[in-house]
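Enquirer: Let me give you the structure first, and then I'll get to my questions.
The values are calculated or read from the model by the stated rules, or taken from the named source; none is laboratory data. None of the values given here were measured: they were computed from a predicted structure. With ideal geometry, Cβ positions are generated from the backbone for all residues, glycine too; neighbour counts draw on all protein chains shown. Accessible surface areas use protein heavy atoms only, side chains included; no ligands, DNA or RNA. Shrake-Rupley method; radii C 1.70, N 1.55, O 1.52, S 1.80 Å.
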Amino acid sequence: MGKRKIATAISAFILIFSLFEIFYNGLTLGLDFTGGTLIELGFEQEVDADQLRNDLAANGFENGTVQYFGSNQEILIRMPPQGGIEQATLGDRIFASVQAQHDGVSLRQSNFVGPAVGEELAEDGGLALLAALIVVMLYILFRFTKQFAFGAVAALAHDVFAVLGIFAIFHLTFDLTVLAALLAVIGYSLNDTIVVSDRIRENFRKIRKRTPIEVINESLNQTLGRTLVTSLTTLFVLLALLFAGGEAIRGFALALSIGVLVGTYSSIYVSANILLALNITREDLLAGDHRAHDFGIRGDDIAAAPVVFAAIQIADKAAGFTDQHNTCGNADWRAAGALDILDGATVVDTVETAIADCHWVVGTSTRLRKIPWPVTDAKGIARQVVEQANEAQIAILFGREDSGLTNEELRRCHYHLQIPAAPEYSSLNLAMAVQVVCYELFQASQSEPVVTAWDRRMATSAELDAMLVHLEETLLDGGFLLAENPGQTMTRVRRMFSRMQLDETEVQIMRGRYAVTAMLDIALHCEQGPVSVQDIAGRQDISSSYLEQIVGRLKRLGLLTSHRGPGGGYQLGAAPEEISISSVVSAVGEGVDATRCGGRADCATESDNLALKGVAFNASRKHIVTSAVEHKAVLDTCADLHAQGFEVTYLQPDAHGRVEVAQVAEALREDTLIVSIMHVNNELGTICDIQGMGALCRSRGVLFHVDAAQSFGKLAIDVQAMCIDMLSISAHKLYGPKGIGVLYVRREPPIKLHPLIHGGGHEMGMRSGTLPTHQIIGLAEASRLMQADMVKEQARLSSLRERLLTHLRQIPDTFIHSHPEFNLPSIVNVGFAGIDGETLLLALDDLALSTGSACNSTSVEPSFVLSAIGVPRDIAQASLRISFGRFSQAEDLDHAGSRISSVVGRLRGP
């Protein structure tokens, strides 16, 4: 907005000049408004319509429309009334003019037509347009403020008059198509203006220390990219219509093109300029906006009770609110309430001013002080405030953010309210302290505690089903589902919800993990005395309410002992060497309600991230080589690195998803840092020549990372012989526990990885965090079992694969996407022509199948892997990924093959 004065001058010039041309010279109205003559001509040879139009204009017949109809030998001329020529003879004179310049022309017909728009209709249309502008103003007025409403309507009027002015200046024909374009311009301009206004309003709330012009500038910069991309995309289409759409639509395309250009300009300079001219302020936007409504707390609600919130010696009462720290456990999500309170807080210089007329004073601090009066917490103070609020004026004091209240100031208070800060912060953020107190005041004022997001239990399967039934009824009543066939959409919705719900195995693993984590934490810290649940929850980032349930069960089974009173908590119920992991996991095997599921990152996904980002952040080379059919954990990581300045080469596989060594060799460069290729493709089962690629990379001094999530335990892997520098493994792919993975990193010569997670320096500094011992043991045992039976099991799976393929090959128009030679026996990817994949899945509801990998199973788009290997979209959408394993038997594969054959035949019809 630094050029807003120039922009104002330009806008004023455009409007004044446009209005002058419109009212002085008027618009060149087309036949829709004036009526005229329609003439049909036939030619013996093809004729150039543009040349014919120019010939007519040269002979004095101006503003006519000349277009083909039927063929290039048939011409339709629309001619408005011409000054000095009688309407009855106009058609004959035009025919004579054409006949004089073209041979073999015949007059098919010549008729006079009246105007399509009469005066009454024009007046009604003008009133409707005025009413629409008023409605737009009212809508924006209620959604934003009066300043935004005036700005939006001014921008709309600016755009409309600018388009009309250009048509008047250049005497362009104005007909109904141009009028339609004007209405589209209004919609386009309004949309852009609302997008920019939304961002301005949002930034006025978030950015507290800048002037209005700085906030508006920031908002315009944030939306500029979106505005320009939208405008250019629209212009490309309109220019194509303008130059290739023909005479009938040319006026529409031209008017809308002008409107898009002018509308883009006005959304940046006109509406925002008017906001500044009308002195928009942050207070205008916050008027009536109480974010604390989430919890029912507002500044005036608290002021209604005799409670004073006062901040002493604070330079900026809002300091730190937008950059708050999680200094008080789960308090960060309770931000609602603090903003309104801070905006309405009294900022005073002395305690005397703050506590004037107050009978009960509470001083806040983040640390314990050596003072002789009661120390309490926010919950205790809140109860007393609610009990005494009707009997006495109460003040709650907050000190300066960097040091808090002094001891001398605290001595003037009746209570010392301690709000503990996190160890890494020496003081508590002011907004955080206020929101903690506001939240506890609100909870204390309720007859029953309000259930928050952290306290809600998970829905049971029965409750989820009831919700889905209600959802289906609601969608049917609202017309969102076809009454004759609602099942297809609802089946997809049910499948989506069922995937989001933890199964019992996942819940058991989560319980066991948290129980072991709590036991290890107590063992490490019990030398100083009993360990409280709050301390464990804070150190391990576990919900304290969930942890209470876990330690309660551990205590009942004698694994922990509890100590009540000050300094109370939990200690081990036996010597550490007498407590086994299995006993801890068994103790919490059932009866615990999971309310929060947090913890370590997911298996091979984190492994892939650490391998690629870990070396990238420590390297000077900036080139990465991978393939277009890698797992999303690799592709999305590469995309993120590309955004940070790295160059990524994506190798295109063959028709079965196999990447060859020669392709890798061709892609390597002097600055290549790492090559990442999966051993077995997770959707196709295709195997790549990892050993050949490893030898190539080792000879060229390039790191080689292999995603072996699908192959580990199923194919022989020798990291030394295959020259593998890093290898990613996932436990659940070999029947181990979910949520644990491995990144093998070569020791000699050592590879230095930049850690993604910092903290305790675990795993030689590469991945901090308490180790989930039970999951590690599960992974190790699963690996041992898979390796012991690997050769025999793969031979068995190969015979099962052939049984399945025998069934599939008998189905006409069937395509096997998996590699015929280099494949993992347990994965088959097959496509069918002439049917819908989602319908096929719904019909095969007794089989566990998918149209892609499990990681992408919620997407309705065809598999990106199949698209990358050139499978047509219709075949890709009708493709199935079939996988089987150590518990699959021959009769299972026979049943699957016969069911697929039967369903495909039925869906294709006779």
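Enquirer: Which loop GluC sites (Glu not before Pro) in the range 770-876, with loop taken from DSSP, have no more than 10 other Cβ atoms within 10 angstrom of their Cβ? Let's see the in-between values first.
Expert: Numbers: sites: Glu781, Glu793, Glu802, Glu821, Glu838; in loops: Glu821.
For GluC sites (Glu not before Pro) across the range 770-876 that sit outside H, G, I, E and B with at most 10 neighbouring Cβ atoms in 10 Å, the list reads Glu821.
Enquirer: Quick check: residue separation of Gln889 and Glu218 times 0.36 nm, minus the Cα distance between them. What number comes out in nm? If you can, show how the numbers build up before the last one.
Expert: On the way: separation 671, 0.36 × 671 = 241.56 nm, distance 6.33 nm.
Gain on extension, Gln889 to Glu218, equals 235.2 nm.
Enquirer: I would also like to ask the following. Once the piece of chain linking Ser620 and Asp535 is laid out straight, how much longer is it, given 0.36 nm per residue of separation minus the C-alpha distance between them?
Expert: That works out to 26.4 nm of additional length.
Enquirer: Turning to a different aspect of this structure: Starting from the Cα gyration tensor of the range 36-113, take the square roots of the eigenvalues, sort them a ≥ b ≥ c, and report rounded, prolate or oblate (rounded when a/c is under 1.5, otherwise prolate if a/b is larger than b/c, else oblate).
Expert: Prolate, because a/c is 1.5 or more and a/b exceeds b/c.
Enquirer: Turning to a different aspect of this structure: Report the convex hull volume per residue for the range 603-784, counting only C-alpha atoms, in Å³. Let's see the in-between values first.
Expert: Working: hull volume 20.4 nm³, N = 182.
Roughly 112 Å³ of hull volume per residue.
Enquirer: Now a separate question. Can you give the accessible area per residue of the range 795-910, in Å², using a 1.4 Å probe? Please list the in-between numbers first.
Expert: Numbers: 5330 Å² over 116 residues.
Dividing the accessible area of the range 795-910 by its residue count gives 46 Å².
Enquirer: Which value in nm describes the separation of the simple spin-label points at Ala662 and Ala795, placed 7 Å from the Cα toward the beta carbon?
Expert: In this crude label model, Ala662 to Ala795 measures out at 3.5 nm.
Enquirer: Students sometimes get this wrong: rank His631, His895, His705 by accessible area, probe 1.4 Å, all chains present, largest first.
Expert: Values: His631 35, His895 85, His705 0 Å².
Result of the area sort, largest leading: His895, His631, His705.
Enquirer: Computing the accessible area with a 1.4 Å probe over protein heavy atoms, can you report the carbon and sulfur percentage for the range 670-717? List each step's numbers first, then the result.
Expert: On the way: 650 of 1260 Å².
Carbon and sulfur: 52 percent of the exposed surface of the range 670-717.
Enquirer: For Phe17 paired with Ala128, estimate the spin-label separation in nm (one decimal), with each label point 7 Å from Cα along the Cα-to-Cβ line.
Expert: So the label points at Phe17 and Ala128 sit 3.3 nm apart.
Enquirer: So, with a 1.4 angstrom probe, what is the percent of accessible area on the range 791-908 that is carbon and sulfur?
Expert: On the way: 2850 of 5440 Å².
On the range 791-908, the fraction of accessible area on carbon and sulfur atoms equals 52 percent.
Enquirer: Give me, ordered by chain and number, the residues 5 or more places off Ser627 or on other chains with an amide H under 5 Å from its own placed amide H.
Expert: Those lying under 5 Å, H to H, from Ser627 are Leu651.
Enquirer: So what is the accessible area of the range 629-691 per residue, in Å², with the probe set to 1.4 Å?
Expert: The answer is 37 Å² per residue.
Enquirer: If each residue of separation counts as 0.36 nm, what is the full-extension length gain between Glu74 and Ala157 once their alpha-carbon separation is subtracted? Show your work: numbers first, answer last.
Expert: Numbers: separation 83, 0.36 × 83 = 29.88 nm, distance 4.17 nm.
Gain in length upon complete extension: 25.7 nm.
Enquirer: Same structure again: Suppose R0 equals 60 Å. What FRET efficiency, 1/(1 + (r/R0)^6) with r the Cβ-Cβ distance, do Asp671 and Ile85 give to the nearest 0.05?
Expert: After rounding to 0.05, the efficiency reads 0.20.
Enquirer: Could you sort out which of Lys555/Lys738; Lys555/Lys613; Lys738/Lys792; Lys613/Lys714; Lys613/Lys733 sit more than 31 Å apart by Cα distance in this structure? Each step should come with its number before you reach the end.
Expert: Numbers: Lys555/Lys738 27 Å; Lys555/Lys613 43 Å; Lys738/Lys792 25 Å; Lys613/Lys714 28 Å; Lys613/Lys733 23 Å.
From the list (Lys555/Lys738; Lys555/Lys613; Lys738/Lys792; Lys613/Lys714; Lys613/Lys733), the Cα-Cα distance tops 31 Å for Lys555/Lys613.
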